[in-house]
Amino acid sequence: MAINGTNGVTNGALNGEFQHGTQVIDGDKEFTQTMPDYLAATHILQAGFSYHLISVFGSQSTGKSTLLNHLFNTSFPVMSESSRQQTTKGIWMSMATDPDASPESGKPQMAKNILVMDVEGTDGRERGEDQDFERKSALFALATSEVLIVNIWEHQVGLYQGANMGLLKTVFEVNLQLFQKDKSTVHRSLLFFVIRDHIGHTPLENLKNTLLADLNNIWYSLSKPAGLESSSISDFFDFTFTTLPHKLLQPDQFKAETQKLKLRFREETPLNAKQTANGVLDTANTGIFLPAYHRRIPADGLPHYAANIWRMITENKDLDLPTQQELLAQYRCDEISTACVELFDEIITPFEAALNQKVVQADLGPSMKSALDIAIAKFTEEAGRYHKGVYKRKLEDLEKKLQARLRVLFVAQLTAAHKTAIAVFADTIQKGIKRSGADFASLVTETRSAVLADFIAEAVACSLDGAFVYTDELKTVEKELDDRATRLRGEEMSRLLARMEKSLKTKFASEDDGMAYMFKTISPTLYPRIWKLFTDSTSAQVAVFTQKSTALNATADENEQAVYKLKRQAWRVLRGLLDEETKEQSLITRLMGYFDKDFRYDEHGVPRVWKAGEDIEGTFAKSKETVLSLIPSLATFELQDGSSPPLAEFIGEAPAGMEEDGGAAAEEEEDEEDVTSASSSKTFTILTLGRAFVDAKRGTISSVAQIPVWFY
Ligand code: GDP
Ligand code: MG
């Protein structure tokens with residue numbers, strides 16, 4: 001990179017690579033890597049803080065580049081008057097030189113090491129893409145530069161649109177958000193308004209006031225970050241205003257004025273630069289580079305600093321404007337999406353309408369799948385032609401929306417299928433149990449897998465090829481089925497127990513071989529025989545029960561508990577019957593029957609006919625003796641050897657798990673008492689019997705005299 005002449009001397013322009021400066025941001029909005037080389041070539045890289053960075057802001061084709069070239073002897077591309085051709089887009093940087101510089105003259109000189117940035121946009125204002133770059137480049141200029149030259153035509157002053165005030169508002173807003181919100185890093189910049197094509201009818205002062213009013217309005221209306229709500233524009237910016245004559249109509253004046261103007265780009269001390277309260281640099285001829293505007297970035301750090309600022313700008317979504325292509329894609333994708341949803345609705349709405357019936361809906365799964373497929377296929381085909389990013393986003397939106405609706409149906413279907421599975425299961429088992437000879441265990445296993453298979457088939461059909469999962473629901477159904485099976489088995493066992501209890505009761509009470517029969521022939525072996533009846537019958541039933549409960553698939557524990565219950569219940573039944581048989585009145589009746597048989601009938605069963613002088617007393621005493629001798633054997637429930645029946649042993653200990661109900665132990669004790677209480681409760685019988693005998697005797701004696709009637 002050859003340098004023609006030295007920086008700051010009459011001609012500092014560079015040849016070759018850097019002839020037109022360097023492109024800082026290229027046409028693809030990328031930050032280039034050329035700035036360090038350019039700064040090296042211009043000898044600014046090692047200048048420390050001794051450099052300035054300025055930019056220009058304004059509408060396209062308002063003569064910005066022309067102005068810069070006149071002021072700074074740069075060669076930014078200028079749109080030619082004849083061809084009006086588009087220049088290369090991007091942000092360009094060039095070092096200012098002053099060919100007329102004469103440091104020896106003692107007159108004010110333009111500052112050295114001024115880096116000027118020029119923004120090239122395109123003319124097509126309506127194209128979103130360009131506005132996006134316009135915003136970002138304007139913010140970049142504002143954020144990095146000490147001085148922002150705001151280029152504006154006189155007739156644009158006061159026109160919000162024409163003067164680019166809308167753009168300024170956005171740029172101010174994001175500038176505050178991104179770079180100025182932290183009070184410690186707040187820095188000032190100078191907004192240097194250059195009013196072009198000034199005819200002279202309106203004095204600068206008026207133009208200045210109009211612009212200042214506009215700026216304050218903009219500032220007032222923009223949204224400010226927390227803490228800066230009450231800030232004013234002059235907290236961040238100084239202003240200066242100048243006018244230039246029409247370049248084409250008054251070329252000489254234009255030239256002369258720009259030559260004067262360029263000399264204002266010199267360093268100034270704050271003392272000299274008189275500022276008014278509203279931030280306006282008051283004197284028309286003071287230098288404009290105040291130390292306060294300098295960002296204090298050493299020149300060799302400038303490329304990095306600028307790159308960072310550009311990165312923050314491009315990453316900030318507030319500045320993004322959708323391109324025209326994206327806008328179109330959004331519009332069309334939305335339209336197509338709506339049409340797709342309508343197709344989807346045709347299939348799905350009837351199912352949604354039937355949701356409140358809470359039943360398994362036939363054909364739901366295939367319908368869900370085809371509705372989704374049809375809608376997505378249509379969208380893919382028709383919207384796929386538009387902007388890829390927008391299309392993808394809208395496709396996702398559509399999928400999410402449709403899936404959300406399908407999920408509602410899926411969940412409802414699972415709930416209904418769940419209900420059906422349980423109902424069918426319970427019903428099948430119930431019916432199966434009623435069928436004689438059904439094997440409960442295999443009935444449960446088979447029914448369980450059948451209803452689960454149905455449930456899974458329905459869930460899979462509605463799962464949209466696995467997009468929706470049903471594992472949790474399946475687990476719940478399985479658990480409920482198992483609980484149901486346990487409950488049904490419990491009920492079945494209870495029914496079985498009740499049946500066994502009933503048949504034991506019949507057996508115990510039987511007139512043929514049960515207690516009713518035994519009590520007919522009261523003898524000392526009565527209770528041993530009853531005990532045998534009890535243990536034999538109960539054991540037989542326990543054997544039958546165990547066999548049946550195994551068929552029910554009962555666990556060993558369940559069986560053990562049931563057997564325990566059965567034995568205890570058997571004893572209660574027996575006790576109940578025994579109590580009936582040994583009730584005072586029935587016992588007396590039985591004993592008196594005995595007595596009658598013995599006393600009133602002879603050994604052949606023929607009623608005795610008492611003749612006077614016959615030994616009534618002796619016969620009576622003998623019969624009484626016989627009956628009384630029976631009483632001890634009735635008084636106590638004893639086995640033949642005089643021992644208590646081993647009831648506790650027979651029933652066994654309460655199995656684990658049953659103790660918890662607390663009643664078991666207490667009931668057990670009760671049963672124990674039952675065994676022995678036969679004796680104490682029966683003592684009364686002897687006394688009562690005594691009275692009965694006396695009555696019987698009295699009756700008989702009187703009957704002899706009065707012709708007895710009652711014994712026929
Ligand atoms: P830029 O797009 O803002 O950089 O504008 P250019 O510097 O490329 O100039 C755009 C057009 O405006 C060119 O045809 C210039 O000749 C013309 N132009 C430059 N300066 C002036 C001026 O002071 N007054 C008028 N009316 N036209 C100018
Ligand atoms: Mg230009």
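The values are calculated or read from the model by the stated rules, or taken from the named source; none is laboratory data. Remember, predicted model here, so these are calculated numbers, not experimental data. Neighbour counts are summed over all protein chains in view; Cβ atoms, including those assigned to glycine, are modelled from backbone coordinates with ideal geometry.
Mind checking which residues of segment 330-354 are farther than 23 Å from A412 by Cβ and among the hydroxyl-bearing types (S, T, Y)?
Within segment 330-354, Y331, S337, T338 meet the criteria.
Select from segment 59-73 the residues that are near ligand 1 (Cβ under 6 Å from one of its atoms) and touching a residue at least 60 places away in the same chain (Cβ under 8 Å) and write down the one among them that is surrounded by the fewest Cβ atoms within 10 Å (Cβ to Cβ).
My answer is S61.
Within the bounds of segment 646-662, is there any residue that is under 27 Å from S523 (Cα atoms), at pLDDT 75 or above and either touching a strand residue (DSSP E or B) at 6+ places or on another chain (Cβ under 7 Å) or surrounded by fewer than 14 Cβ atoms within 10 Å (Cβ to Cβ) (or both)?
Checked segment 646-662: at least one residue is under 27 Å from S523 (Cα atoms), at pLDDT 75 or above and either touching a strand residue (DSSP E or B) at 6+ places or on another chain (Cβ under 7 Å) or surrounded by fewer than 14 Cβ atoms within 10 Å (Cβ to Cβ) (or both).
Do you know which residues across segment 490-541 are of a type in the set (V, I, T) and at pLDDT 85 or above?
Result: T506, I530, T535, T538.
Yes or no: segment 542-556 includes at least one residue that is over 30 Å from S442 (Cβ atoms), among the aromatic types (F, W, Y), in contact (Cβ under 8 Å) with a residue 24 or more places away in the chain and touching a helix residue (DSSP H, G or I) at 6+ places or on another chain (Cβ under 7 Å).
No, segment 542-556 contains no residue that is over 30 Å from S442 (Cβ atoms), among the aromatic types (F, W, Y), in contact (Cβ under 8 Å) with a residue 24 or more places away in the chain and touching a helix residue (DSSP H, G or I) at 6+ places or on another chain (Cβ under 7 Å).
Of all residues in segment 162-190 being among the hydrophobic types (A, V, I, L, M, F, W, C), surrounded by 15 or more Cβ atoms within 10 Å (Cβ to Cβ) and not in a helix (DSSP H, G or I), which is modelled with the lowest pLDDT?
My answer is A163.
So which residues in segment 491-517 are free of Cβ contacts under 8 Å to residues at least 12 places away in the same chain and within 30 Å of T447 (Cα to Cα), if there are any at all?
E491, S494, R495, A498, R499 - these are the residues of segment 491-517 that are free of Cβ contacts under 8 Å to residues at least 12 places away in the same chain and within 30 Å of T447 (Cα to Cα).
In segment 186-203, what residues are more than 15 Å from S145 (Cα to Cα) and more than 16 Å from ligand 1 (Cβ to nearest atom)?
H201, T202, P203
Here is a list of conditions, (1) surrounded by fewer than 13 Cβ atoms within 10 Å (Cβ to Cβ); (2) touching a residue at least 24 places away in the same chain (Cβ under 8 Å), and A461 meets all of them except one; can you say which number that is?
If we test A461 against (1) surrounded by fewer than 13 Cβ atoms within 10 Å (Cβ to Cβ); (2) touching a residue at least 24 places away in the same chain (Cβ under 8 Å), just (1) comes out false.
Any residue in segment 384-412 that is surrounded by fewer than 21 Cβ atoms within 10 Å (Cβ to Cβ) sitting within a Cβ distance under 8 Å of a residue that is of a type in the set (V, I, T)? List the pairs, counting only those 6 or more apart or interchain.
Sorted first by the residue in segment 384-412, then by its partner, the pairs are L395/I376; L395/T380; E399/I376; K401/V341; R405/I348.
Which of the following residues is of a type in the set (A, V, I, L, M, F, W, C) and loosely packed, with under 14 Cβ neighbours inside 10 Å: A516, A570, A485, A543?
Sole residue among the options that is of a type in the set (A, V, I, L, M, F, W, C) and loosely packed, with under 14 Cβ neighbours inside 10 Å: A543.
Return the residues of segment 434-483 that are assigned to a helix (DSSP H, G or I) and over 24 Å from V359 (Cβ atoms); say none if nothing qualifies.
Answer for segment 434-483, where residues must be assigned to a helix (DSSP H, G or I) and over 24 Å from V359 (Cβ atoms): K434, F440, A441, S442, L443, V444, T445, E446, D482.
Do we have F440 as surrounded by 12 or more Cβ atoms within 10 Å (Cβ to Cβ), under 30 Å from V573 (Cα atoms), among the aromatic types (F, W, Y) and in contact (Cβ under 8 Å) with a residue 24 or more places away in the chain here?
Considered against the rule, which asks whether it is surrounded by 12 or more Cβ atoms within 10 Å (Cβ to Cβ), under 30 Å from V573 (Cα atoms), among the aromatic types (F, W, Y) and in contact (Cβ under 8 Å) with a residue 24 or more places away in the chain, F440 comes out as yes.
Given the residues G16, G21, G106, G5, which is the only one that is at pLDDT below 90 and within 16 Å of ligand 1 (Cβ to nearest atom)?
Selected residue: G21, the only one of G16, G21, G106, G5 that is at pLDDT below 90 and within 16 Å of ligand 1 (Cβ to nearest atom).
Can you name every residue in segment 571-588 that is among the polar types (S, T, N, Q) and either touching a residue at least 24 places away in the same chain (Cβ under 8 Å) or farther than 17 Å from A509 by Cβ (or both)?
Passing the criteria: T582, Q585.
Name the pairs: first residue in segment 176-188 and more than 16 Å from S223 (Cα to Cα), second residue part of a helix (DSSP H, G or I) and at pLDDT below 80, Cβ to Cβ under 6 Å, at least 6 apart or on different chains?
Taking only residues 6 or more apart or on different chains, the pairs are V186/Q180.
Pick from D363, D427, D345: which is among the charged types (D, E, K, R), surrounded by 13 or more Cβ atoms within 10 Å (Cβ to Cβ) and closer than 30 Å to I456 by Cα?
Residue meeting the stated conditions: D345.
Please go through segment 52-97 and give me each residue that is in a loop (DSSP other than H, G, I, E, B), within 11 Å of ligand 2 (Cβ to nearest atom) and either hydrophobic (A, V, I, L, M, F, W, C) or modelled with pLDDT of 95 or more (or both), ordered by number.
Residues satisfying the conditions are F76, V78, M79.
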